[in-house]
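The values are calculated or read from the model by the stated rules, or taken from the named source; none is laboratory data. No experiment lies behind these values; they were computed from the predicted model shown. As a convention, Cβ positions derive from the backbone with ideal geometry for all residues, glycine included, and neighbour counts pool all protein chains shown.
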Amino acid sequence: MAESSAGLSQEERDAVKQRAKELRDEAKAGKNRAAGEEAVAKAIAEMPEPDAAIAGRIHELVAQHAPDLMPKTWYGQPAYANKEGKVILFVQSAAKFKTRYCTLGFSEDAALDDGEMWPTSFAVTAMTPAAEKRIAALILSADG
């Protein structure tokens, strides 16, 4: 990431601005599934390939395995919130922060606890049947 003299990179500053806009939009729309679906579809459409294909398939897997999760954007990226409105999983495009790979991440509110240590972020480079199976299991666990 490119660092700025203020401590945050340009990408990070842009993400903070995006999050502030999302909060304003959420306050106006409330918990509206259609608005969330639209925001997620737009975020995925703006991603370069292969991230858009990966995020699109993850979106389908969430809808299939955890339809109670509310789609929304979080820092401009596709995310899914639980009944309390807390984001429990999200997709981050590699292009967003100029990283090597697309990431599937889980917040502290995801029910992934497994002993003393467990992963909360996964690099996703391709959507193979094995990757889809593992992602589906993670989605089911995260949703509790």
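Taking segment 102-144 on its own, how many of its residues are assigned to a loop (DSSP other than H, G, I, E, B) and of a type in the set (A, V, I, L, M)?
The qualifying residues number 6.
Which numbered condition in (1) under 23 Å from A41 (Cβ atoms); (2) at pLDDT below 95 is the only one that V62 fails?
Of everything listed in (1) under 23 Å from A41 (Cβ atoms); (2) at pLDDT below 95, V62 misses just condition (2).
With within 29 Å of A137 (Cβ to Cβ), modelled with pLDDT under 95 and surrounded by fewer than 20 Cβ atoms within 10 Å (Cβ to Cβ) as the only criterion, which of D25, D113 stands out?
Sole residue among the options that is within 29 Å of A137 (Cβ to Cβ), modelled with pLDDT under 95 and surrounded by fewer than 20 Cβ atoms within 10 Å (Cβ to Cβ): D113.
For F97, state whether it is at pLDDT 95 or above and surrounded by 12 or more Cβ atoms within 10 Å (Cβ to Cβ).
no
Can you find a residue that is hydroxyl-bearing (S, T, Y) and surrounded by 14 or more Cβ atoms within 10 Å (Cβ to Cβ) anywhere in segment 63-79?
Among the residues of segment 63-79, at least one is hydroxyl-bearing (S, T, Y) and surrounded by 14 or more Cβ atoms within 10 Å (Cβ to Cβ), which makes the answer yes.
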